[in-house]
Amino acid sequence: MMNVFLLLFLLASGPAVAEQASGDKLLKDATHMLTLIDQGKYDEVIARFDDRMTRTMTREKLEEHWKGVTSSAGAYKGVYKAAMAKISGFDVAQLDCDFEKMKLRATFAFDKEGKVAAFQMGLVP
């Protein structure tokens, strides 16, 4: 149904207290990037991608992906739940989102430099 652009990871335990502030910032960043995608500001989102993501997820592919999501799920309404996890060395933001017709999870994996290393939209488990 939708393209998947996230590496499969095994979930690790939640972030340590010392990492909470950075996790909160990454959750805000991920939420902001989702808003930018919804507003069609794809270039601003791609500017946050790491080199590999920049090569594989072009502006056109991101736009096509988002249009596919919204054509199936309806209009984006917002994030109703957000959580961080540390997975295989990546900080992973999981945003559970309301769309007009269904709920979906947006997942952003951030590398050590805070660049987006992976992005996925999928069903909320």
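None of the figures in this text is laboratory data; all of them are computed from the coordinates on show. In this text, all values refer to a predicted model and were calculated from it rather than measured experimentally. Heads up, the Cβs are rebuilt from the backbone with ideal geometry, glycines too, and the neighbour counts pull from every protein chain shown.
If you bin all the Cα-Cα distances of region 49-95 at 5 Å, starting from zero, the percentages per bin are 5, 16, 14, 20, 24, 18, 3. Across region 51-90, the residues whose backbone nitrogen lies under 13 Å from the label position 7 Å along the beta-carbon direction of Met102 are 68-75. Cross-link reach is defined here as a Cα-Cα straight distance under 13 Å, omitting same-chain residues fewer than 8 places apart; for Lys77 the aspartates and glutamates meeting it are Asp38, Asp96, Asp98, Glu100. In summary, the aspartates and glutamates within cross-link reach of Lys61, defined as a Cα separation below 13 angstrom excluding same-chain residues under 8 places away, comprise Asp43.
The Cα atoms of region 4-123 define a convex hull whose projected area, averaged across directions, is 6.8 nm². Ignoring lysines fewer than eight residues from Lys81 along the same chain, the ones with Cα atoms less than 20 angstrom from its Cα are Lys25, Lys28, Lys101, Lys103. Across region 4-123, the relative contact order, built from alpha-carbon pairs under 8 Å that are at least six residues apart, equals 29 percent.
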